[in-house]
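The values are calculated or read from the model by the stated rules, or taken from the named source; none is laboratory data. Keep in mind the model is a prediction, meaning the values are calculated, not measured. So basically every Cβ, Gly included, is an ideal-geometry build from the backbone, and we count neighbours across all protein chains shown. Remember, those area values only see protein heavy atoms, side chains included, never the ligands or the DNA or RNA. Shrake-Rupley method; radii C 1.70, N 1.55, O 1.52, S 1.80 Å.
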Amino acid sequence: MLSTSLLTWSGLLAGVGIALGTATAATAAPSGAAGGSGTRVLEFGPYLGAYDFDASTWFEDSALFGLRATARLSRVFLLDAEFDEVYTRRERSNNTARQISVAVHGRVEPLRSRLSPTLLAGVAFVGLDDSEDPDAFSEAYDIGTGLRARITSCWSARAEWLLRRQEFRVLTLATASDGTGTGAQSSQTSAVNAQPTQMWGRAMRVGLAYAF
């Protein structure tokens with residue numbers, strides 16, 4: 001169920017990003033027009049950072065890495081589609097885990113020649129694949145701030161701080177037996193814990209972006 005939900009969200013977010021990027025590129029001014037890099041409407045690039053887990057999870061804070069595609073909708077507003085992963089370890093049981101995030105962020109970033117401040121807000125789907133404990137998934141709501149530094153007309157560097165509110169639901173497996181005696185068969189079904197667990201996450205991220 002977790003993988004199906006992640007694929008559904010990934011397909012939806014990718015479709016939104018491609019549609020908006022195509023529409024923006026079709027209506028934007030040519031890249032050689034006045035305004036320099038401001039006329040470039042599509043960006044792509046990697047980012048790295050550190051993710052701070054809520055203390056109640058007992059997960060160690062760890063490094064994250066991801067990829068981001070950006071569509072510039074105007075000289076002020078941008079739309080980001082992001083995918084990132086965090087590999088960590090639970091302190092109590094020493095088991096490993098992987099957190100996967102797919103997010104869409106709207107961003108306010110005035111176009112300037114060198115330095116541009118950033119405010120962002122958006123939503124995300126977060127999947128937590130634990131090696132021993134039941135897997136979990138979450139809807140998340142993000143806000144953040146940062147700064148962009150333009151290196152050339154195509155390349156820029158970004159630094160951001162992100163605050164994430166999550167509501168995790170746990171996937172549990174129930175075993176059912178069909179029949180009785182030696183010929184009985186058992187099967188497993190998955191169920192979702194209806195009571196979400198609310199927690200916070202924080203991230204510091206730095207990355208590069210190439211504008212087309």
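The table below lists the values:
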{"quantity": "Any chance Phe65 is open to solvent by 40 Å² or more (accessible area, probe 1.4 Å), in contact with a strand residue (DSSP E or B) (Cβ under 9 Å, 6 or more places away or on another chain) and at pLDDT 60 or above", "calculated": "yes"}
{"quantity": "Glu85 vs. criteria over 24 Å from Arg150 (Cβ atoms) and at pLDDT 95 or above", "calculated": "yes"}
{"quantity": "Members of the range 112-145 found to be open to solvent by 30 Å² or more (accessible area, probe 1.4 Å), over 13 Å from the mean Cα position of the chain (by Cα) and under 22 Å from Glu160 (Cα atoms), listed by number", "calculated": "Arg112, Ser113, Arg114, Leu115, Pro117, Leu119, Thr145"}
{"quantity": "Scan of the range 68-78 for residues that are touching a strand residue (DSSP E or B) at 6+ places or on another chain (Cβ under 6 Å) and hydroxyl-bearing (Ser, Thr, Tyr), ordered by number", "calculated": "Thr70"}
{"quantity": "Residue in the range 199-207 that is in contact with a Pro (Cβ under 7 Å, 6 or more places away or on another chain), on the phi < 0 side of the Ramachandran plot, modelled with pLDDT of 75 or more and charged (D, E, K, R) present", "calculated": "no"}
{"quantity": "Selection count, the range 68-109, where residues are in a strand (DSSP E or B) and either touching a Leu at 6+ places or on another chain (Cβ under 9 Å) or open to solvent by 60 Å² or more (accessible area, probe 1.4 Å) (or both)", "calculated": "29"}
